Amino acid sequence: MTRKRILLTRRWPEAVETRLASSYDATLNPEDRPMNVEEIGRALRDYDAVCPTVSDKLPAEIFSAPPQTKILANFGVGVNHIDLPAAAAAGITVTNTPGVLTDCTADLAIALMLMLARRLKEGERELRAGTWAGWRPTHLMGMCLRGKTLGIIGMGRIGQATARRAQMAFGMDIVYYNRTPMPDARLADLKAHALPTVDAVIEQADFVSLHCPGGGENRHLIDARRIGLFGPKTFLINTARGDVVDETALRAALRQGALGGAGLDVFEREPHVPDDLIAFPNVVLLPHLGSATRETREAMGMMAADNLDAFFAGTAPPNRI
Ligand code: DGY
């Protein structure tokens, strides 16, 4: 039987590439060169499966010509870079990799909170610049997490994992907003207080951490009006998707000192990051590292491979969107 032709749009962890190359006629991307929309559109006509990542764009127009591709096995949980209705209309199955990056992403949200609360970036910069004048009682005083309130927007797997860490390890109080009510059993081990609106969470929280999907109605969920609800001591943490926050409004608010600061792992136009965001001392910026551990990236790739294997074996892929 001829082997199915699959394309990985980026370089994947070696163990996963080895596995895929042993079962498929796999085109890899050893130089890890990003592919543009036209190239991915062409690939849909040439390959039985295309395996994209969040760094790719798959808008509606590339699905208009009849595709050879039957499955998009996405490397990652978020799929807002794929026009899902257009893919469905073209008869293409889409799968993702949920669950395996939950802990890793929650760890990163906590890391961003700690960096802001304890002013770690400012301290490290000062030391590297050679301007540290030594210990003194009033030097770079931050704040404790214990007793502060964490507001979670989107209480899915990653939101819950972040809340658990914040409450159990750091003694924070948790409030949250979730679009659909959460079954009590899922949060049984947490003392988390559901609030009826995003606004109510922002108004009560010292840290607002975003854990909802990007795209659609979540685009600019945190807009100028909602940023206006942040107090000068409230911090925004975004490890979800850049487009959930109106970056222009956020920059304006930061210039006015209208919020305490921001910890951002995702941006509206990745990999572009506006210069003024880089300059704010009370903003911590990371290059979309939420799932970036060896263990997690390998697990994500293996899960995408499981989805492909099931699909081509004629069974339901475990993580179909
Ligand atoms: C995802 O899986 O959606 C992440 O953002 C990539 O790590």
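The values are calculated or read from the model by the stated rules, or taken from the named source; none is laboratory data. What you see is a predicted model; the values in this text were computed from it and never measured. Don't worry about glycine lacking a Cβ; one is built from the backbone with ideal geometry, like all the others, and counts go over all protein chains shown.
Scanning segment 64-108 for residues that are closer than 17 Å to residue 320 by Cβ, in contact with an Asp or Glu (Cβ under 7 Å, 6 or more places away or on another chain) and either within 9 Å of the ligand (Cβ to nearest atom) or not in a loop (DSSP other than H, G, I, E, B) (or both) turns up nothing. Annotation: of all residues in segment 303-321 being of a type outside the set (Val, Ile, Thr) and within 14 Å of the ligand (Cβ to nearest atom), the one that is surrounded by the most Cβ atoms within 10 Å (Cβ to Cβ) is 304.
Working only within segment 48-63, note down all residues that are outside any loop (DSSP other than H, G, I, E, B) and touching a strand residue (DSSP E or B) at 6+ places or on another chain (Cβ under 7 Å).
Of segment 48-63, the ones outside any loop (DSSP other than H, G, I, E, B) are 49-51, 53, 58, 60-63.
49, 50, 51, 53, 58, listed by residue number.
Scoring residue 131 on the criteria (1) surrounded by fewer than 17 Cβ atoms within 10 Å (Cβ to Cβ); (2) within 16 Å of the ligand (Cβ to nearest atom); (3) of a type in the set (S, T, N, Q) leaves a single failure, condition (2). Looking at the structure I just gave you, is residue 116 away from the ligand (no atom under 13 Å from the Cβ) and in contact with a strand residue (DSSP E or B) (Cβ under 6 Å, 6 or more places away or on another chain)? Yes.
Take the conditions (1) over 18 Å from residue 282 (Cβ atoms); (2) surrounded by fewer than 17 Cβ atoms within 10 Å (Cβ to Cβ); (3) within 22 Å of the chain's Cα centre (by Cα); residue 166 misses just one of them, which is (2). The number of residues in segment 227-258 being closer than 17 Å to residue 177 by Cα and either surrounded by fewer than 21 Cβ atoms within 10 Å (Cβ to Cβ) or in contact with a strand residue (DSSP E or B) (Cβ under 6 Å, 6 or more places away or on another chain) (or both) comes to 8. Inclusion of residue 186 among residues that are surrounded by fewer than 16 Cβ atoms within 10 Å (Cβ to Cβ) and either modelled with pLDDT under 95 or under 25 Å from residue 291 (Cα atoms) (or both) is warranted. Criterion applied to 211, 193 was being surrounded by 17 or more Cβ atoms within 10 Å (Cβ to Cβ) and either more than 15 Å from the chain's Cα centre (by Cα) or modelled with pLDDT of 95 or more (or both), and the one residue passing it is 211. Scoring residue 263 on the criteria (1) within 16 Å of the ligand (Cβ to nearest atom); (2) crowded, with 20+ Cβ neighbours inside 10 Å; (3) not polar (S, T, N, Q); (4) not assigned by TED's automatic domain parsing to the domain that holds residue 151 leaves a single failure, condition (4). Filtered by the rule that a residue be outside any strand (DSSP E or B), free of Cβ contacts under 8 Å to residues at least 60 places away in the same chain and more than 12 Å from residue 206 (Cβ to Cβ), segment 143-161 gives 155, 156, 157, 159, 160, 161. For segment 266-321, the set of residues classified as of a type in the set (Val, Ile, Thr) and touching a strand residue (DSSP E or B) at 6+ places or on another chain (Cβ under 8 Å) consists of 266, 273, 278, 283, 284, 321, listed by residue number. Among the residues of segment 268-292, what is the count of those that are within 15 Å of the ligand (Cβ to nearest atom) and surrounded by 21 or more Cβ atoms within 10 Å (Cβ to Cβ)? Of the residues in that region, 2 qualify.
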